[in-house]
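Asker: Take this structure, written in structure tokens, and hold onto it; I'll ask about it next.
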């Protein structure tokens, strides 16, 4: 498979490995992206087989998939905790620092991961890096009104600032929160916490794709097996 296209068999393996941590009666955070969708499909099989779980989706796309898979969905207002959140990532370092957001759901993914008692991340080996910013830009979700000034200030921090466009290229990509995303290129980040703080200090920035100290476990599907990083 190419670097940008993980092997579906590896995604199925990590999805099944994540399911081993799911118990009857749990409230689950359902992530967004290929790995998360593999998990939702496997969870749907268990749900239709009688497992009693409920989910909180991190995007409209994942919500639609969960409904098709017959997974009962709830809202944050309806629950007092999330037992387990399962999601993917675009980069993972040895410290389990993450870059997330190429799927456009970074803000909702952070909310759900923060509320979860356990946060498990599913990846394939091409996502493993020594430093964030190595293989992908850092997504930054922003208020559209402030786009011109935010772009100016991000340009002082990163090597490139690109407004994410729709698939047809005719307009800005709009998140489920009605915001826009700048994809910011960096040299590999020696101090991701400092970069995150500087980005967040810019008025109009809503969230960044830098997730530090949030993942409890990373499951890596590779070569017919699953490796666990803690």
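Asker: Compute the Cα gyration tensor for region 4-138, then decide on rounded, prolate or oblate, letting a ≥ b ≥ c be the square roots of its eigenvalues: rounded whenever a/c is under 1.5, prolate when a/b is larger than b/c in the other cases, and oblate in all that remain.
Answerer: prolate
Asker: Right, another one. Identify which of 142, 199, 79 has the largest mean-square fluctuation in a Gaussian network model of the chain, with springs joining Cα atoms closer than 10 Å.
Answerer: Comparing 142, 199, 79 in a Gaussian network model of the chain, the most mobile one is 79.
Asker: With both bridge residues required to lie in the chain, what share of the DSSP beta bridges run antiparallel, to the nearest 5%?
Answerer: Once the DSSP bridges in the chain are tallied, antiparallel ones form about 50 percent.
Asker: Let me ask you something else. When the chain is modelled as a GNM with alpha-carbon springs shorter than 10 Å, which of 201, 215, 167 fluctuates the most?
Answerer: 167
Asker: I need the calculated FRET efficiency for the pair residue 160 and residue 194, taking r as the beta carbon distance and R₀ as 30 Å, to the nearest 0.05. Write down the numbers at each step before the final one.
Answerer: Values: r = 19 Å, r/R0 = 0.63.
In this case the efficiency is close to 0.95.
Asker: How would region 173-230 be classified by its alpha-carbon gyration tensor: rounded, prolate or oblate, with rounded meaning a/c under 1.5 and the a/b versus b/c comparison settling the rest?
Answerer: prolate
Asker: For the chain, what does the relative contact order come out to in percent, with C-alpha contacts under 8 Å and a separation of six or more?
Answerer: Value for the chain: 22 percent.
Asker: A further question follows. Rounded to the nearest 500, what is the chain's calculated 222 nm mean residue ellipticity when only DSSP H runs of at least 4 contribute -39500 (n - 2.57) each, over all residues?
Answerer: -8000 deg cm²/dmol
Asker: Apply the a/c threshold of 1.5 to the C-alpha gyration tensor of region 138-207 and tell me whether it is rounded, prolate or oblate.
Answerer: Values: a/c = 1.94, a/b = 1.54, b/c = 1.26.
Note, shape of region 138-207 comes out prolate.
Asker: Same structure again: With springs connecting C-alpha atoms under 10 Å apart, model the chain as a Gaussian network and identify which of 136, 99, 159 has the largest mean-square fluctuation.
Answerer: So, out of 136, 99, 159, the one fluctuating most is 159.
Asker: Still on this structure, please answer the following. Using only the alpha-carbon atoms, how far is helix 34-48 inclined from the longest principal axis of the chain? Give it as 0 to 90 degrees, nearest 10.
Answerer: 20
Asker: Over region 48-143, what is the percentage of antiparallel beta bridges among all DSSP beta bridges, to the nearest 5?
Answerer: The antiparallel fraction comes to roughly 20 percent.
Asker: While we're looking at this one, here's another question. What number, in percent, do you get for the relative contact order of region 138-207 if the mean sequence gap of Cα pairs under 8 Å and at least 6 apart is divided by its residue count?
Answerer: Value for region 138-207: 46 percent.
Every number here is computed from the coordinates shown, using simple stated rules; none is lab data. Just so it is clear, the model here is predicted, and its values are computed rather than measured. So basically every Cβ, Gly included, is an ideal-geometry build from the backbone, and we count neighbours across all protein chains shown.
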